[in-house]
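Student: Before we start, here is the structure in question, set down as structure tokens.
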Amino acid sequence: MGQGKRSDMIVHTDQPYNAEPPRRALSSKPLTPLDAFYSRNHGAIPSIDTRGWRLIVDGLVGNPLNLSLSQLRDRFTEQSLVATLQCAGNRRKEFLAFRDIPDEVPWGSTATSTAEWTGVRLSDVLEAADLLSEAGHIEFLGPDIAEHASPPQPFGSSIPVQKATAGEVLVAWAMNGEPLPSAHGGPVRIVVPGYIGARSVKWVHGIRALTAESRNYFQAVAYRLEPADADRSSVAATTDFALGAVALNSDILSPDDGDLLPSGPTTVTGYAFAGDGRGISRVEVSGSAGRCWHEAALDDELGPWAWRRWQITVDLPVGQCQILARAWDASGDTQPEFARDLWNPKGYGNNSWGRVNVTAA
Ligand SMILES: Nc1nc2c(c(=O)[nH]1)N[C@H]1C(S)=C(S)[C@@H](COP(=O)(O)O)O[C@H]1N2
Ligand SMILES: [Mo]
């Protein structure tokens with residue numbers, strides 16, 4: 001069991017450790033157990049001594065801070081919230097049927113998970129540091145070196161100051177009531193609810209107020225959405241942009257792709273998630289490859305930053321059959337039908353209809 005994970009994790013790479021759970025591991029509970037939570041790493045997982053850990057808050061602040069974990073805990077009010085993390089590369093595998101994406105992890109459908117996070121509000125920390133009005137972005141600095149970045153460098157990211165001061169962003173030390181495991185950023189990480197996972201920097205040791213976006217490789221080069229033809233054109237792409245809020249997505253968690261099932265009534269479960277706090281308004285499921293759709297029952301909300309789980313019973317005819325799911329969010333947005341219409345050179349943001357193929361006997 002690598003990194004304290006269940007033995008049936010789908011491990012894409014051991015070094016660095018990149019693994020996602022089987023769908024059934026996400027379908028059983030609203031909060032993802034720690035041993036099933038996907039883990040995405042660009043470098044070796046560091047082992048950080050909690051007693052020696054410090055958080056430096058500097059840059060465009062009037063009062064720079066240097067805090068130990070106990071000072072962080074004592075000085076600010078503890079907050080907990082449920083938030084779903086979703087990697088921008090979630091469901092990249094579906095793009096590969098259309099066109100190859102070299103050098104990126106071929107994530108399936110489960111580079112997403114949900115936990116209750118506990119820590120302090122980033123907005124409170126920034127207020128104590130006397131954030132200056134010139135600040136436009138807040139940068140997070142990690143210690144782990146990504147060898148494949150050019151040049152090799154520690155992982156980092158930034159978010160706009162409006163998001164950083166909105167109250168939901170946490171400097172977190174616990175996950176589902178347990179101290180943060182190393183694989184998830186222990187002792188302390190940032191959690192940016194509603195944004196792509198890459199902005200939630202693990203093992204954070206620095207928070208820096210800047211005028212503009214971070215120049216870290218993972219903000220300035222990777223995790224940007226490029227036009228579909230960017231890798232073929234001779235001129236540099238000018239319209240790529242840093243990914244922030246997660247696009248509306250939904251997917252099927254049970255049954256799994258390739259399952260053999262009895263025909264007749266079958267329970268289908270899944271999740272829907274709209275980034276940046278937009279609620280889920282409706283989920284529809286088809287057991288007949290889209291010939292007819294039925295409205296799924298939504299589970300209780302876990303809060304504005306978490307996935308909305310859903311379930312429905314559909315009648316499966318004997319034979320091969322494709323089950324589909326699509327969601328609507330509170331802004332009336334819905335998901336595109338095909339991954340191929342969303343293909344992009346780095347394979348980010350596949351939020352096409354959820355799709356599993358099963359055989360009913
Ligand atoms: N320091 C650091 N933080 C990081 C990363 C990393 O490689 N190093 N990966 C990011 C990415 S791309 C994602 S999707 C999330 C994954 O968080 P998890 O491993 O806790 O699931 O962490 C983010 N934070
Ligand atoms: Mo990610």
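The values are calculated or read from the model by the stated rules, or taken from the named source; none is laboratory data. This is a predicted model, so every value here is computed, not measured. Using ideal geometry, Cβ is built from the backbone for each residue, glycine included, and neighbour counts are taken over all protein chains shown. Please note that ligands, DNA and RNA were not included when accessible areas were found on the heavy atoms of the full protein model with its side chains. Shrake-Rupley method; radii C 1.70, N 1.55, O 1.52, S 1.80 Å.
Student: Give the percent of DSSP beta bridges with both residues in region 215-361 that are antiparallel, rounded to the nearest 5. Walk me through the numbers before you get to the answer.
Tutor: On the way: 34 of 36 bridges.
Taking every DSSP beta bridge with both residues in region 215-361, the antiparallel ones total about 95 percent.
Student: Also, I was wondering about something else. Could you sort 177-187, 34-44, 71-81 so that the peptide with the highest average Cβ count within 10 Å comes first and the rest follow in order?
Tutor: Values: 177-187: 19.4, 34-44: 21.6, 71-81: 14.4.
Taking the mean over residues of other Cβ atoms within 10 Å, the ranking is 34-44, 177-187, 71-81.
Student: Give the carbon-plus-sulfur fraction of the accessible surface of the chain in %, rounded to a whole number; probe 1.4 Å, heavy atoms of protein chains only.
Tutor: Answer for the chain: carbon and sulfur cover 49 percent of the accessible area.
Student: Which length gain, in nm to one decimal place, applies between residue 338 and residue 240 when the Cα-Cα distance is subtracted from 0.36 nm times their residue separation?
Tutor: 33.1 nm
Student: Taking Cα pairs under 8 Å and at least six residues apart, what relative contact order does region 39-105 come out at, in percent?
Tutor: RCO, region 39-105: 20 percent.
Student: Please list 163, 29 in order of solvent-accessible area, largest first, computed with a 1.4 Å probe with all protein chains present.
Tutor: Largest accessible area first, the list is 29, 163.
Student: A further question on this structure: Whole number in Å², please: accessible area per residue of region 1-102, 1.4 Å probe, ligands, DNA and RNA not counted.
Tutor: About 49 Å² of surface per residue is accessible.
Student: A further question follows. Determine the dipole magnitude for the chain: charges of +1 sit on the beta-carbon of Lys and Arg, -1 on that of Asp and Glu, nothing else is charged, the reference point is the Cα centre, and the result goes in debye to the nearest 20.
Tutor: 220 debye
Student: On to the next question. In a Gaussian network model over the chain where Cα atoms closer than 10 Å are linked, find which of 228, 296, 247 has the largest mean-square fluctuation.
Tutor: Ranking 228, 296, 247 by mean-square fluctuation puts 228 first.
Student: Please list 55-64, 83-92 highest first by mean number of surrounding beta-carbon atoms within 10 Å per residue.
Tutor: 83-92, 55-64
Student: Next question, about the same structure. Okay, helix-only estimate at 222 nm for the chain: each DSSP H run of n ≥ 4 adds -39500 (n - 2.57), divide by all residues, round to 500 deg cm²/dmol; what do you get? The partial results should precede the final answer.
Tutor: Details: 6 runs with 31 residues, N = 361.
Calculated mean residue ellipticity at 222 nm is -1500 deg cm²/dmol.
Student: Which lysines, if any, have their Cα less than 19 Å from the Cα of residue 93, not counting same-chain residues under 8 positions apart?
Tutor: Candidates past the 8-residue exclusion: 346.
Student: Kindly sort 323, 45 by accessible area of their heavy atoms, largest first, with the probe set to 1.4 Å.
Tutor: If we order 323, 45 from most to least accessible, we get 45, 323.
Student: Could I ask something else about it? With every protein chain left in place and a probe of 1.4 Å, what is the accessible surface of residue 331, to the nearest 10 Å²?
Tutor: Surface open to solvent at residue 331 totals about 80 Å².
Student: Connecting C-alpha atoms closer than 10 Å in a GNM of the chain, tell me which of 133, 214, 113 has the biggest fluctuation.
Tutor: 133
Student: Past the 24 angstrom mark, what percentage of all C-alpha to C-alpha distances in region 174-268 do you count?
Tutor: The share of Cα pairs beyond 24 Å in region 174-268 comes to 51 percent.
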